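Notes for the one structure printed next.
Here, each number is a calculation from the coordinates, and none is a lab measurement. This one's a predicted model, so the numbers in the text were calculated from it and none came from an experiment. Neighbour counts run over all protein chains shown; Cβ positions are idealised from the backbone, glycine included.
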Amino acid sequence: MSGHVLKDFLHNHQTMGRWERLRRLVTPQDTLGIILYGEPDPDSLAAAWALRHLFRPRAHAVEIVAQQPVRRAQNVRFFNVLKIPLKVVDEIPWQAYTKLALVDAQPDFFQPAPAVPFDIVIDHHPKRAKCQARFADIRVSYGSTCTILLEYILCAGDMLPKRLATALWYGLWIDTDKLTRAVSAQDMAAISYLYRKADAETLRWLEQTQIPGAYRPLYQLGLDTLAQDEKRALVFLGDIPQPDACVHVADFLSRFGGVRWVATAGVFEQKLYVILRSGMYGVNVGRIARQKLGAFGSAGGHLDKARAEIPLAGLAETLHTEPTLAHLDAWLHSVLLPRRARTATRETPRRHPK
């Protein structure tokens, strides 16, 4: 498709009508807060930046705000090289904004729910509850929130800066796992259109995955554990330098032939992180995470990738004891691999990181 054909395809009547409603919702007197849920990733960062780009000329002020910093090494590179204007705060100043927007998430993701309702919600994740917002655009058939925001920019007739196009392309590319997940025709058109507008050299640099040197012993621990059970594996990494360490090790181990699914877990800043990856086609680790870990914290994800974040304070009550590394290791095995946990108890104690 030519650039003009792609643009015409993405500039559709449905999004045009939604843009007109959205545009009227924010006035020149408004201060718009764009809120990111959890640890920002490329899709949420780029989509929020695009929404900020749309409303900076149309509102009094616009801020992108998150309570967690960007931590994953690859995402930090993306965030820093493109200079995305994110404000990280301990507590979100809900009352400081006259309008609130949420991108790449839905209000019920927050536990407890914010005291102030969102005015705008734009997302592509499956709906878990009825969305209470003055304007909600949730397209579950789309692979990325970035695609939705690109459509808005085209409908608004705004110029698309090269850095923003680069961010949107990368956010779409990463969130669809390089287009290997279910994507819409709009996602395919957007990835092509954005590539023509993006900085190709920056994209090549961002695609070069780097593994922090501090993760080397964690990889070795993962390999040692995988050798014990080649179908399903749980690797407890103990105290980790960043939650991203679990992601790196899980991605690596899931590539070994014969692995049905793998979970890596670690403790960072009084929270237990569990990352699940499927190694076989059709194994739904998102469902596994929700069913087995959803009662203890936030848990969920996609068919092949899932994540759970569980506060240690809540686990102390569940365990009826102090949540030490050894106790957490044993508890996770009992929840995710109950048969494996019983076998290990009868044989020898599992080795856990100190």
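Label-to-label distance for LYS87 and ARG196 is 3.7 nm, based on points extended 7 Å past Cα in the beta-carbon direction. On the basis of the beta-carbon distance and an R0 of 45 Å, HIS11 and ARG204 show a calculated FRET efficiency of 0.95.
Computed over neighbours whose Cβ is under 13 Å from that of ILE84, the net charge equals +2, Lys and Arg +1, Asp and Glu -1. Close amide H pairs (under 5 Å, H built 1.01 Å from N) link VAL121 with LEU102, PHE135, ALA136, ASP137, residues at least 5 positions away or on another chain.
For Cα pairs less than 8 Å apart in space and 6+ apart in sequence, what is the mean separation divided by the residue count of the chain, i.e. the relative contact order in percent? 12 percent.
Residues whose amide H falls under 5 Å from that of GLY143, counting only those 5 or more places apart or on a different chain, are SER184, ASP187, with hydrogens built in the peptide plane.
Computed from backbone phi, the HN-Hα couplings of the range 272-289 come to 8, 9, 10, 10, 10, 9, 8, x, 10, 4, x, 7, 8, 6, x, 5, 4, 4 Hz, rounded to whole numbers (Karplus: 6.51 cos²θ - 1.76 cosθ + 1.60, θ = phi - 60°; Gly and Pro given as x).
Calculated [222 nm] ellipticity per residue, helices only, for the chain: -12500 deg cm²/dmol; basis is -39500 (n - 2.57) per DSSP H run with n ≥ 4, divided by all residues, nearest 500.
Counting only Cβ charges, +1 for Lys and Arg and -1 for Asp and Glu, the dipole size of the range 214-346 around its Cα centre is about 620 debye. Using a simple spin-label model with pseudo-atoms 7 Å out from Cα toward Cβ, ARG56 and LEU223 lie 4.7 nm apart. Cross-link partners of LYS87 among lysines, defined as those whose alpha carbon lies under 21 angstrom from its own and excluding same-chain residues fewer than eight positions apart: LYS99. Our coupling estimate for the range 250-256, obtained by passing each phi through the Karplus curve with A = 6.51, B = -1.76, C = 1.60 and θ = phi - 60°, is 5, 4, 5, 5, 5, 7, 6 Hz, Gly and Pro reported as x. Counting only residues at least eight positions apart within a chain, or on another chain, the aspartates and glutamates with an alpha carbon under 15 Å from that of LYS127 are ASP104, ASP108, ASP137. Figure legend: label point modelled 7 angstrom from the Cα of VAL116 along Cα→Cβ; residues of the range 53-75 with amide N under 17 Å from it are 59-68. Of the beta bridges in the chain, as assigned by DSSP with both residues counted there, near 40 percent are antiparallel. Judged by the mean number of other Cβ atoms found within 10 Å, the most tightly packed of the peptides 105-116, 74-85 leads the ranking 74-85, 105-116.
A simple spin-label model places the labels of LYS127 and THR324 4.9 nm from each other, with each point 7 Å out along Cα-to-Cβ. Bridgeable lysines around LYS197 (alpha carbons under 21 Å apart, same-chain partners fewer than 8 residues away excluded): LYS7, LYS83, LYS162, LYS178. Of the residues LEU194, ALA133, PRO114, the one whose Cα sits farthest towards the positive end of the charge dipole of the chain is LEU194 (charges of +1 on Lys and Arg Cβ, -1 on Asp and Glu Cβ, taken about the Cα centre).
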